[in-house]
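The values are calculated or read from the model by the stated rules, or taken from the named source; none is laboratory data. If you're wondering where the values come from, they're calculated on a predicted model, not measured in any experiment. Counting neighbours? That spans all protein chains shown, and the Cβs are built from the backbone with ideal geometry, glycine included. Just so you know, the surface numbers come from the protein's heavy atoms only, side chains and all, with ligands and any DNA or RNA stripped out. Shrake-Rupley method; radii C 1.70, N 1.55, O 1.52, S 1.80 Å.
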There are 2 protein chains.
Amino acid sequence: MTERTIAIGALELDGGQMLPAVEQRVAIYGDPACGQIVLALHALTGDHRVAAWWPGLVGEGALFDPRSCCVIGINMLGSCYGSTPVREYITIADIVRAQRRALEVLGIERIDVAIGGSMGGMQALQWAHDTPDRIGRAVAIGAPDHTGALAIALNSIQRDSLALDPVAGLGLARKIAMLSYKSDALLSRRHGRRRDRNGRRCFDIEGFLDLQATRIVERIDAATYATLTHAMDSFDLRDTDWPESTPPLTFVGISSDTLFPAREIRDAAERIACRGIDVRYIEFQSEHGHDAFLAEDATLAELLARNAFAGVT
Amino acid sequence: MTERTIAIGALELDGGQMLPAVEQRVAIYGDPACGQIVLALHALTGDHRVAAWWPGLVGEGALFDPRSCCVIGINMLGSCYGSTPVREYITIADIVRAQRRALEVLGIERIDVAIGGSMGGMQALQWAHDTPDRIGRAVAIGAPDHTGALAIALNSIQRDSLALDPVAGLGLARKIAMLSYKSDALLSRRHGRRRDRNGRRCFDIEGFLDLQATRIVERIDAATYATLTHAMDSFDLRDTDWPESTPPLTFVGISSDTLFPAREIRDAAERIACRGIDVRYIEFQSEHGHDAFLAEDATLAELLARNAFAGVT
């Protein structure tokens, strides 16, 4: 894997503002000349080092093996892992436009697969929508065609929390988010009413959440968190025209997802299929909730190998 | 309706502390000598004026009509609507013990029905468990036999929010709670991606949540909120012995409830039925989520009339 920071020059945003000098941090796994380019897109608090957080999908022996294809991870515009920080409101389309420009600098005009979970899946869909002729297939896991009221509300109250305190508030925002990522059944089984093992809190689940709060503060800052949750809110491909040349789309709904319920993802797939696009819907049976795309990545990879990529890669 | 503040004297708590001089604020609808006593128990932010927030269940022409029975509402120990504020950790059993003492002062030794939704349902079950010979039937709507990991976690992060700021943090706590009370489907239908009608926020759902935050600060204080959420956390009748004389119990699960899912309430009903107790489980079909016991109280009353109270009252 090689990491690079790519200067893409000025970037005009959907909101009309111009960012003067934008950089994109990328990780490249395998040889870009191999003829098969996979763009692996990260979620809210992820980064471009895809193999680190998605080992079931990217790595030797994984679904996308850098020995036979080239996987590119790009840190989202506005994120704090090496791409240009942004304080303006940006959209998923802005994020995708910056990615496309970075790939052009790398000499890559076309990608075979864009794939991501959650906000990464939104980017994959936006890629297919905005530049249908430059992409072979988009795969979105735990991501519908628009951000709905519940997700908007959860993002909004997380930003409210940041406004109370940029550090403790970020920790609380992460706790709110975690409870939307995990299923009730998983929390019951893992934590139930058990006492906190460290004795600092009453219950084990509270100690778990405290740990998540501590960790997020080391990984991301409040400004990035606000920018990227606003970008997620902006995502809306529900009532849009999908180009005739839209490549095949694969939607994966997670059975226990309460943030982006499987039913809504299936609805999205059906809406787009009605427009004559080649759409496949797969349901991922998991107890892990929205988080399943990370927590059960090996199982997800098998599911994709059997369905979305059977005979494709 | 008459309201009274009842001095019940000193009260020993489950935690061992003694509260020196406890008062309970009650609302009495109808004549206590009528021979049929209904105890209607309120949820986290409710109060003793039951007819105001549960008109489908309490009032002339409602399920419990003060012309033919006597309905008593009691403000929970630790709540700020006239009962004694408490800064100690209290349990649902403490709250119920204080209620029982208040009824004794009123000369009421036995109640026919204890009924409540959410935390009110927990109190109804605790009544049946702790004093089975003094109660004819307990009805719990949207309340299982124990507070599980998700509810504990949501309560905990709401208290984290209070710790950041007793006013703005209480507002945020209420927003977190509201998102656990309403179903995704309801939020989608009511708010979707519509813009905020007042233009202060981006989205309508954000304006709705701001309004809820403003209202809660006028209704309750942070200390009450912390005390009562801790009491809710304490609730655990899952692994307890249920007395042989336990009166009939009715559990109502709400189909779209994500805070206390219907499946868990059905499981609770089955667990207790296995111990030889007379338990009925009813499923309330509603799109409103946990909030349905308040939002669709007339429908709930019909459901109860057809099932739990058919031939009973």
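Just a few scattered comments:
- Failed condition for residue A:144, given (1) more than 9 Å from chain B (Cβ to nearest Cβ); (2) assigned to a helix (DSSP H, G or I); (3) not hydrophobic (A, V, I, L, M, F, W, C): (2)
- Taking region A:1-116 as the region of interest, none of the strands (runs of 3 or more DSSP E) fully inside it holds 2 or more residues being buried (at least 22 other Cβ atoms within 10 Å of the Cβ) and not assigned by TED's automatic domain parsing to the domain that holds residue A:294.
- Within region B:155-168, tally of residues that are touching a residue at least 40 places away in the same chain (Cβ under 8 Å), out of contact with any Phe, Trp or Tyr (no Cβ under 8 Å at 6 or more places or on another chain) and surrounded by 24 or more Cβ atoms within 10 Å (Cβ to Cβ): 1
- Unique residue being closer than 17 Å to residue A:209 by Cα and facing chain A (nearest Cβ under 9 Å) when the list is B:149, B:213: B:149
- Single residue of region A:221-231 satisfying the filter (open to solvent by 10 Å² or more (accessible area, probe 1.4 Å) and aliphatic (A, V, I, L, M)) that is farthest from the other protein chains (Cβ to nearest Cβ): A:223
- The residues of region B:164-180 that are outside any helix (DSSP H, G or I) and β-branched (Val, Ile, Thr) amount to a single one, B:167.
- Within region A:113-131, residues that are closer than 20 Å to residue A:36 by Cβ sit with their Cβ atoms under 6 Å from residues that are modelled with pLDDT of 95 or more and aromatic (Phe, Trp, Tyr), at 6+ positions apart or across chains, in these pairs: A:114/A:127.
- Meets criteria (of a type in the set (Asp, Glu) and within 8 Å of another protein chain (Cβ to nearest Cβ)) for residue A:165: yes
- The one condition from (1) more than 18 Å from the chain's Cα centre (by Cα); (2) more than 22 Å from residue A:57 (Cβ to Cβ) that residue A:279 does not meet is (2).
- Of all the residues in region A:129-141, those that are under 15 Å from the mean Cα position of the chain (by Cα) and part of a helix (DSSP H, G or I) number 0.
- Segments classed as helices (runs of 4 or more DSSP H), wholly inside region A:242-313, with at least 2 members that are open to solvent by 60 Å² or more (accessible area, probe 1.4 Å) and under 26 Å from residue A:179 (Cα atoms): A:262-273
- The set of residues in region A:188-225 being of a type in the set (Val, Ile, Thr) and within 20 Å of the chain's Cα centre (by Cα) consists of A:216, A:217, A:220, A:224.
- Members of region B:225-257 that are in contact with a Phe, Trp or Tyr (Cβ under 9 Å, 6 or more places away or on another chain) and under 21 Å from residue A:203 (Cα atoms): B:227, B:230, B:231, B:233, B:234
- Out of A:193, A:189, sole residue that is within 22 Å of residue A:289 (Cα to Cα), within 14 Å of chain B (Cβ to nearest Cβ), in contact (Cβ under 8 Å) with a residue 24 or more places away in the chain and charged (D, E, K, R): A:189
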